[in-house]
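The values are calculated or read from the model by the stated rules, or taken from the named source; none is laboratory data. Note that the structure is predicted; figures quoted are calculated from it, not measured. Counting neighbours? That spans all protein chains shown, and the Cβs are built from the backbone with ideal geometry, glycine included.
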Amino acid sequence: MFTAASPSAFGRSHGFANAYARVGVETSVNSASAHKLIELLFNGFMDAIVLARGAMQAGQIEAKGKAIGRAARIVEEGLKAGLNLEAGGRLAADLDSLYAYIGLRLLHANLRNDEAALDECVRLVGPLRDAWVAIGPQVEAGNL
């Protein structure tokens, strides 16, 4: 799914640090690379979905809404906002569309208490996160 040029689909690292802080993912981001920040956003998204599912199953409406809201902010203000649509070409455009769709599915999941919609979001983001993690050593070594 990702190509060697995929990191260019994203903006500068200071933009990720700002986006990361805005969406409330907890960790130290000052020394993290742009690649690592995106990985942390993916992980934060998955964590938020786990919390949302648990709250949904427990009938905790407020907690469910907060967790889904956090996941949506990670997608919108972190992953999507970090895309460089000019330099990233078709890959960035495709990710932009995918992130918009995921945002809609999260809204649906929240409004309808639909665990299947949460599952779909995980199925869509999971391979992206896995591919991103897999290329991490190459990015850190400067090979991508």
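Just one residue in the set ALA117, ALA87, ALA93, ALA141 is closer than 14 Å to VAL75 by Cβ and not hydroxyl-bearing (Ser, Thr, Tyr); that residue is ALA117.
So that you can scan it fast, the table gives a plain yes or no per residue for (1) surrounded by fewer than 20 Cβ atoms within 10 Å (Cβ to Cβ); (2) of a type in the set (Asp, Glu); (3) on the phi < 0 side of the Ramachandran plot; (4) at pLDDT 95 or above:
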position: GLU26; (1), (2), (3), (4): yes, yes, yes, no
position: ILE49; (1), (2), (3), (4): no, no, yes, yes
position: GLN60; (1), (2), (3), (4): yes, no, yes, yes
position: ALA63; (1), (2), (3), (4): yes, no, yes, yes
position: ALA67; (1), (2), (3), (4): no, no, yes, yes
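With respect to (1) among the charged types (D, E, K, R); (2) surrounded by 14 or more Cβ atoms within 10 Å (Cβ to Cβ); (3) outside any helix (DSSP H, G or I), the lone exception for ARG53 is condition (3). Residues of segment 98-144 that are within 15 Å of MET56 (Cα to Cα), without any contact (Cβ under 8 Å) to a residue 12 or more places away in the chain and assigned to a helix (DSSP H, G or I): HIS108, LEU111, ARG112, ALA116, ASP119.
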